[in-house]
1. Under the rule of -39500 (n - 2.57) per DSSP H run of 4 or more residues, summed and divided by the residues of the chain, what mean residue ellipticity at 222 nm is obtained, to the nearest 500 deg cm²/dmol?
2. Once the Cα atoms of helix 2-23 and of the chain are each reduced to a long axis, what angle between those two axes, in degrees from 0 to 90 to the nearest 10, is obtained?
3. Given the chain, what count of lysine pairs have C-alpha atoms under 21 Å apart, with each pair 8 or more places apart or on different chains?
4. Note down the magnitude of the dipole of segment 98-155 about its Cα centre, charges +1 on Lys and Arg C-beta and -1 on Asp and Glu C-beta and zero elsewhere, to the nearest 20 debye.
5. Quick one: Karplus J couplings for segment 51-57, per residue in order, coefficients 6.51, -1.76, 1.60, θ = phi - 60°, nearest Hz, x for Gly and Pro?
6. Ranked highest first by average number of other Cβ atoms within 10 Å, how do 42-55, 60-73 line up?
Amino acid sequence: MIEWLTVIFLLLLGVVFLLGEMFFIPGITIAGLFGVAFSGAGIYLSYSYFGSEVGNMLFFISLLINVIAFFYSFKSGLWKKFALNKVINSRVNEEEPIYLLDEGDVGIATTTLRPMGMIEVNGHKFEVSSDTGMIDVGKPVKIVRIEGRKILVEEIKSLTS
């Protein structure tokens, strides 16, 4: 009797871990590996305790239970409970219109540009990308190119250039 309880317990534990892997922790993680290991151990013990006839039967029953549980999870809509259904409607750089800038405008770096950061031009802040590498806070910068919403700047080495 203890042999049957051991085999059934291992097979059920394997199903629980595999379902947990599918629903709660997607990917190949410890839960999935434990599920396969417990199912495999239960099937192995069923072959060694009861022979190939019972082992084959439990193998196919275990496989059938896993397949049914997988398809039932899709039919019941269980996956929708774990899906992100929120829509994000925000956009990048919406706070300041890009038409306030022209190529050649001069501003000050308000954050370190590594290569992305913020600059201030005529009292307006913009997210920019450095064309020449890292630029420290407080350094004067010049707008080199505007490509759509991407603003490329470079450091001004001297104010006369």
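We did not get these values from a lab; they are worked out from the coordinates using the rules stated. What you see is a predicted model, and the numbers here were worked out from it, not measured in a lab. Quick reminder, even Gly has a Cβ in these numbers, built from the backbone with ideal geometry, and neighbours come from all protein chains shown.
1. Working: 4 runs with 72 residues, N = 161.
Calculated from helices alone, the mean residue ellipticity at 222 nm is -15000 deg cm²/dmol.
2. 20
3. Numbers: LYS125/LYS139; LYS125/LYS142; LYS125/LYS150; LYS139/LYS150; LYS139/LYS157; LYS142/LYS150; LYS142/LYS157.
Counting lysine pairs in the chain gives 7.
4. On the way: 7 positive and 10 negative charges, 33 e Å.
Value, rounded to 20: 160 debye.
5. These are the phi-based 3J(HN,Hα) values: x, 6, 5, 5, x, 4, 4 Hz.
6. Numbers: 42-55: 15.6, 60-73: 13.1.
Put in order of decreasing packing, that is 42-55, 60-73.
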